[in-house]
Amino acid sequence: MDSKRKAVSTHQAIGSFRKKVRNNRTLLLMCLPAVAFFIVFNYCPLPGVYIAFTNYNFRDGIFGSPFVGFKNFEFLIKSGQLSLLTRNTILYNLVFILLGNVLQITLAIMLNEINSRWFRKVSQTIMFLPYFISVVLIGAIMFNILNYDTGALNTLIRETGGNPVKIYSMAGIWPFIVVFCQMWQQTGYGSVVYFAAICGIESGIVEAAQVDGANSWQKICYIILPSLKPTFIILLLFSLGGIMKGNFGLFWNLVGANSQLFPTTDIIETAVYRMMMSQNNFSTSSAVGLYQSLFGFALVMISNWVVKKIDPDYALF
C-alpha cells in the first residue's frame with residue numbers, strides 16, 4: 001500500500017509540475033536566456049577554481065599541474081599585496097555605493113520637483129549621456145586635461161605664470177579623480193531607478209499632504225524619502241555583493257600601468273590583469289579571484305542576515 005501511495009503522489013507531483021510549466025511557459029521562455037547565461041559563464045567555469053591550489057602550467061593542464069595547497073594564498077598574504085588590494089577595492093566601492101546612492105536620490109528628487117515636463121525630459125537626457133561614454137574616452141579626456149606636458153590644466157597654469165603640476169606622480173590626489181569620474185558617469189543613469197520609485201508613489205498621499213499644507217521640503221522628508229527606503233536597501237544589498245569587484249575599465253584607462261599611483265589606485269581587477277598579461281601567473285590570479293568571490297559571498301550573506309533581523313520585508317531571501 002505504501003508503495004502504491006508513493007507512486008500516486010509522485011504521479012500527482014509530476015502532473016502538477018507539468019501543469020505549472022504549461023501555464024507559465026511564456027515566462028519560462030523569457031527566463032531561458034538569463035539561465036543559459038549564468039550556466040555558461042558562472043557554473044561551467046567553476047572547475048577552474050582548482051587552479052588557485054596548483055602551480056599551473058600549460059603542459060600538464062588544470063588537473064595535471066602540481067598541487068600546492070594554499071601556497072598561492074600564503075604568498076599573497078606575506079607579500080602584503082592582498083591587504084592593499086582588498087583595502088583599495090573595498091574603500092573605493094564603499095564610496096561609490098554610499099556617495100553614488102546619495103547623489104542619485106538627490107538627483108531623482110530634484111527631477112521630480114521640476115514642474116516643466118519638457119525641461120525635465122531634456123535634463124534627464126543630458127544627465128544620461130555620460131553613461132554611454134566609453135571609459136576609454138573618459139581616460140583620454142582626463143589625460144588631455146591632466147597631462148604634464150600638453151594638458152589643459154598645466155597649460156592654463158603656465159599661462160598664468162605658475163609652475164605645472166605632475167598629477168600623474170601624485171598618488172594622494174587620484175582617489176578624488178577616480179571618484180569624480182565614476183560619479184560623473186554613473187549618477188544620471190542610477191537616478192532612473194529612484195525616479196521610477198518616486199513616480200510609483202500613490203498620488204493621493206501627496207495630494208493629501210498638500211491639502212494639509214505640507215511644503216516641498218516636508219513632502220520630501222515625510223513621504224518621498226521613506227518611500228525610497230525599500231529601493232535603497234535592495235540596491236544596497238545588490239551593491240554589497242559586488243563590493244570586491246572594481247570598475248576595471250575605469251581604473252585601467254585612468255591609471256594604466258603607472259606604478260607610482262598603485263598605492264592608492266590598485267584594485268583586485270587591475271592586479272589580476274597585470275598578473276595574467278605580464279607574468280602569465282594563472283595560479284596567483286586565480287587565488288585572488290577565488291578570495292574575491294568568497295569575500296563577496298560572505299558579505300552578502302551577513303548583510304542579508306542583518307537586514308532580515310531588522311526588517312524581514314527588506315531582505316533578499
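Here are a few things to note about the model shown:
- Subset of segment 173-225 [farther than 15 Å from residue 104 by Cα, modelled with pLDDT under 90 and among the β-branched types (Val, Ile, Thr)]: 201, 205, 206, 211, 223
- Residue identified as outside any helix (DSSP H, G or I) and either under 30 Å from the mean Cα position of the chain (by Cα) or modelled with pLDDT under 85 (or both) among 58, 73: 58
- Answer residue from segment 126-170, given it is of a type in the set (D, E, K, R) and either within 17 Å of residue 186 (Cα to Cα) or assigned to a loop (DSSP other than H, G, I, E, B) (or both) and is modelled with the highest pLDDT among those: 166
- Top-ranked residue of segment 166-185 - restricted to ones that are touching a Pro at 6+ places or on another chain (Cβ under 7 Å) and farther than 18 Å from residue 258 by Cβ, ranked as surrounded by the most Cβ atoms within 10 Å (Cβ to Cβ): 185
- Within segment 216-233, residues that are free of Cβ contacts under 8 Å to residues at least 12 places away in the same chain have Cβ atoms under 7 Å from residues that are hydroxyl-bearing (Ser, Thr, Tyr) in no pair, counting only partners at least 6 apart in sequence or on another chain.
- Residues in segment 92-121 that are assigned to a helix (DSSP H, G or I), free of Cβ contacts under 8 Å to residues at least 40 places away in the same chain and surrounded by 12 or more Cβ atoms within 10 Å (Cβ to Cβ): 98, 102, 106, 110, 120, 121.
- Candidates are the residues of segment 76-91 that are at pLDDT below 85 and over 18 Å from residue 279 (Cα atoms); the one that is surrounded by the most Cβ atoms within 10 Å (Cβ to Cβ) is 77.
- Residue match in segment 37-50 (condition: among the hydrophobic types (A, V, I, L, M, F, W, C), surrounded by 10 or more Cβ atoms within 10 Å (Cβ to Cβ) and in contact with a Leu (Cβ under 9 Å, 6 or more places away or on another chain)): yes
- Residues located in segment 264-291, provided they are among the hydroxyl-bearing types (Ser, Thr, Tyr), touching a residue at least 40 places away in the same chain (Cβ under 8 Å) and under 24 Å from residue 172 (Cα atoms): 264, 265
- Unmet criterion (only one of (1) closer than 18 Å to residue 76 by Cα; (2) touching a residue at least 12 places away in the same chain (Cβ under 8 Å); (3) open to solvent by 40 Å² or more (accessible area, probe 1.4 Å)) for residue 294: (2)
- Scan segment 230-243 for residues that are outside any helix (DSSP H, G or I) and modelled with pLDDT of 80 or more and the total you get is 1.
- Test: residue 141 is surrounded by fewer than 17 Cβ atoms within 10 Å (Cβ to Cβ) and either in contact with a Phe, Trp or Tyr (Cβ under 6 Å, 6 or more places away or on another chain) or closer than 19 Å to residue 248 by Cβ (or both): yes
- Residues located in segment 278-301, provided they are of a type outside the set (Gly, Ala, Ser), more than 21 Å from the chain's Cα centre (by Cα) and part of a helix (DSSP H, G or I): 282, 284
The values are calculated or read from the model by the stated rules, or taken from the named source; none is laboratory data. Only a predicted model underlies this, so the values are computations on that prediction, with no experimental measurement involved. Note that each Cβ is placed from the backbone with ideal geometry, even for glycine, and that neighbours are counted across all protein chains shown. Heads up: the accessible areas ignore ligands, DNA and RNA and are worked out on the full protein's heavy atoms, side chains in. Shrake-Rupley method; radii C 1.70, N 1.55, O 1.52, S 1.80 Å.
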